[in-house]
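Colleague: Pasting a structure below so you can have a look.
Laboratory data are not the source of any read-out in this text; all were calculated from the coordinates shown. It should be emphasised that the depicted structure is a prediction, and the values quoted were computed from it without experimental measurement. Positions of Cβ are generated from backbone atoms using ideal geometry, with glycine treated the same way; all protein chains shown enter the neighbour counts.
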Amino acid sequence: MLSTGQMNAIQQSAPLLKAEGTKLVTVFYQNMIRQHPELLNQFNKTNLMNGSQPEALAATLYQAALHIDRLEELLPAVKQIAHKHVSVMVKKEQYPIVGHHLIEAMKEVFGLNEQDDTLLAWKAAYDIIANIFIAIEAEMMDENVKQKGGWADVKPFVIKKKKQESPALISFYLVPEDESELPMYEAGQYITVQADMPGEAYVCSRQYSLSDQYHPSYYRITVKRDGHVSTFLHDEMEEGDVLQVSMSQGTFCLQEDTKEPAYFISAGSGVTPMIGLVKTAAHRNQPFTMIHADRLEDVTAFEKEFESVLASSSHGRIILCNEQFEQSGKGGLVEKAACRIDRPILQSVMREGKGQFYLCGSPTFTQEMIHILKEMGIPEQNIHFESFGGQSMKEMEVV
Ligand SMILES: Cc1cc2nc3c(=O)[nH]c(=O)nc-3n(C[C@H](O)[C@H](O)[C@H](O)COP(=O)(O)OP(=O)(O)OC[C@H]3O[C@@H](n4cnc5c(N)ncnc54)[C@H](O)[C@@H]3O)c2cc1C
Ligand code: HEM
């Protein structure tokens, strides 16, 4: 347990962390990866290089400093990070490595020496925070392997079917090579896929949301052509090829069974978790509205699937948005709106401002939607999001 003096020292370092946190974690990652390049098997190199992973960690440290006397308030965020850690196979033996390099970076960037009170307080605090993560993650890993059909880390999956959904989107149907039944998963969760790419010294790990409800024999993911790994999956991975895949993780799932309306708001590849979520809401007979925006050639990728969801639900609406649609209106059951997702369209579909809001897309899209919803008076506990970049805590600051 931390002493009052240690808690004060940490809280006093919060402004410094806010101002210099990104610099701190950038130095931390550079030094750590130089000494432990094998960590590139787990980290997404793009997120490290474009700064989104350093920013996510810096924001978490800042929040930890602010809440050091009431860490339990951070539990929802800790759980979300723990899901990511389990998905990328973080091990308890790796926490001292991260702790060592973080403290070394604090010395270097903040000019602290070994005996400085602030440094000693952070060393103690890191151990406490690390132990919280280790305990939660051990429990989650244990639950994974205990589940019928469950496994630890990754196991081989065969690409059973590859389906072009639109110019930019391809669905992969992944079946366990050992043909075992898949453990239950919740709509909205994601898996980690490891790509063993030619010319790369380490495997490239990426997360992909499951783009359908539970099916016992396959995971379906839908990948947008975007960069390194997604292009490799599109161009090089064919039916019959094998990928290493983790069990599903993630907290972006429907809230408890409720008759409250659910709003699903997505852009681009953010549509993927929404497909399983709308099917689940329709199955529960829960009123829902989905609004999705994408490029003209991609926005209707799942229209047929959405039509059958709406045919089975008397309380659902699905609106596809693109500014280049010739006009707004209904073709079949799915509606089309000739606009981007903005405040007017959100206001027009909302029923008395009540309900749960689920957002998914790029970090920029997610932040913009959170901002609009907050302006419209939606309570933060009713806003749930999955961001397809490593920035969970950053968006939490917006919330
Ligand atoms: C929980 C979760 C679920 C996800 N679900 C899905 C999903 O269902 N479907 C899906 O398609 N994706 C999903 N993603 C995103 C996915 O994990 C990958 O990030 C995505 O496929 C891009 O990876 P990549 O290797 O192809 O691109 P990368 O090579 O990693 O590049 C990512 C982006 O950064 C840009 N970029 C790369 N390097 C630079 C640079 N030096 N300067 C400027 N820009 C650069 C690229 O152009 C690209 O737009 C999800 C992410 C998370 C965290
Ligand atoms: C107390 C210590 C730690 C904190 C506070 C922390 C914090 C975070 C945060 C905030 C994220 C982003 C989560 C998200 O995208 O939703 C993350 C992701 C991640 N963490 Fe940690 N982490 C810690 C320890 C570790 C350790 C010990 C490892 C082991 C190497 C590790 C490896 C990773 C990896 C690989 C990711 C995914 C990054 C990506 O590629 O996008 N973390 N962590």
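Colleague: Pairs of alpha-carbon atoms within less than 8 angstrom and 6+ residues apart define the contacts here; what relative contact order does the range 154-246 have, in percent? Working shown, then result.
Modeller: Numbers: 184 pairs, mean separation 35.7, N = 93.
Result for the range 154-246 is 38 percent.
Colleague: While we're looking at this one, here's another question. Of the beta bridges DSSP finds with both residues in the chain, what % are antiparallel, to the nearest 5? It would help to have the intermediate numbers written out before the result.
Modeller: Working: 30 of 55 bridges.
Expressed as a percentage, antiparallel bridges in the chain total about 55.
Colleague: Please tell me the relative contact order of the chain in percent, rounded to the nearest whole number, where contacts are Cα pairs under 8 Å and at least six residues apart.
Modeller: Computed over the chain, the figure is 14 percent.
Colleague: Further question on the same structure: Could you calculate the contour length gain from E104 to K161, that is, 0.36 nm times the residue separation minus the distance between their Cα atoms, to one decimal place in nm?
Modeller: In short, 15.7 nm is gained.
Colleague: With only alpha-carbon atoms in the gyration tensor, what are the semi-axes of the equivalent ellipsoid for the chain, in Å, largest first?
Modeller: That gives 37, 26, 19 Å for the three semi-axes.
Colleague: Still on this model: Just the number, please: percent antiparallel of the DSSP beta bridges in the range 262-398, rounded to the nearest 5. Spell out each step's value before the answer.
Modeller: Details: 2 of 27 bridges.
Bridges in the range 262-398 that DSSP calls antiparallel: roughly 5 percent.
Colleague: Could you give the nm distance between label points at L66 and S348, where each point is 7 Å from its Cα heading toward the beta carbon?
Modeller: Reported label-point gap for L66 and S348 is 3.6 nm.
Colleague: Now, a different point. About the Cα centre of the range 154-246, how large is the charge dipole given +1 on each Lys and Arg Cβ and -1 on each Asp and Glu Cβ? Please answer in debye to the nearest 20.
Modeller: 280
Colleague: Sticking with this structure for a sec: Report the trypsin sites (Lys or Arg not before Pro) located in the range 240-313 that are in a DSSP loop and have at most 10 other Cβ atoms inside 10 Å of their Cβ, or state none.
Modeller: Of the trypsin sites (Lys or Arg not before Pro), the ones in loops of the range 240-313 whose Cβ has at most 10 other Cβ atoms within 10 Å are K259.
Colleague: Using a 10 Å cut-off around each Cβ, can you sort C339, C253, C360 from fewest to most neighbouring Cβ atoms?
Modeller: Going from least to most buried by this count: C339, C253, C360.
Colleague: Moving to a separate point now. Greater than 25 Å separation of Cα atoms is the criterion. Which listed pairs, K148/K259; K45/K79; K279/K304; K79/K123, meet it?
Modeller: Beyond 25 Å: K148/K259.
Colleague: Turning to a different aspect of this structure: Which value, in debye to the nearest 20, describes the size of the charge dipole of the chain about its Cα centre when Lys and Arg Cβ atoms bear +1, Asp and Glu Cβ atoms bear -1, and nothing else is charged?
Modeller: For the chain, the charge dipole is close to 620 debye.
Colleague: Straight-line reach from K146: which aspartates and glutamates have a Cα under 16 Å away, not including same-chain ones fewer than 8 places off?
Modeller: E137, E181
Colleague: Just rank K224, K163, fewest to most, by other beta-carbon atoms within 10 angstrom. Don't jump to the answer; show the numbers that get you there.
Modeller: Values: K224 22, K163 12.
Ranking K224, K163 by Cβ neighbours within 10 Å, fewest first, gives K163, K224.
Colleague: A further question follows. Once both axes come from the Cα atoms, what is the angle between helix 363-375 and the longest principal axis of the chain, in degrees from 0 to 90, rounded to 10?
Modeller: The two axes meet at around 80 degrees.
Colleague: How do F110, F388, F365 line up, fewest other C-beta atoms within 10 Å first?
Modeller: Lowest to highest Cβ neighbour count: F110, F365, F388.
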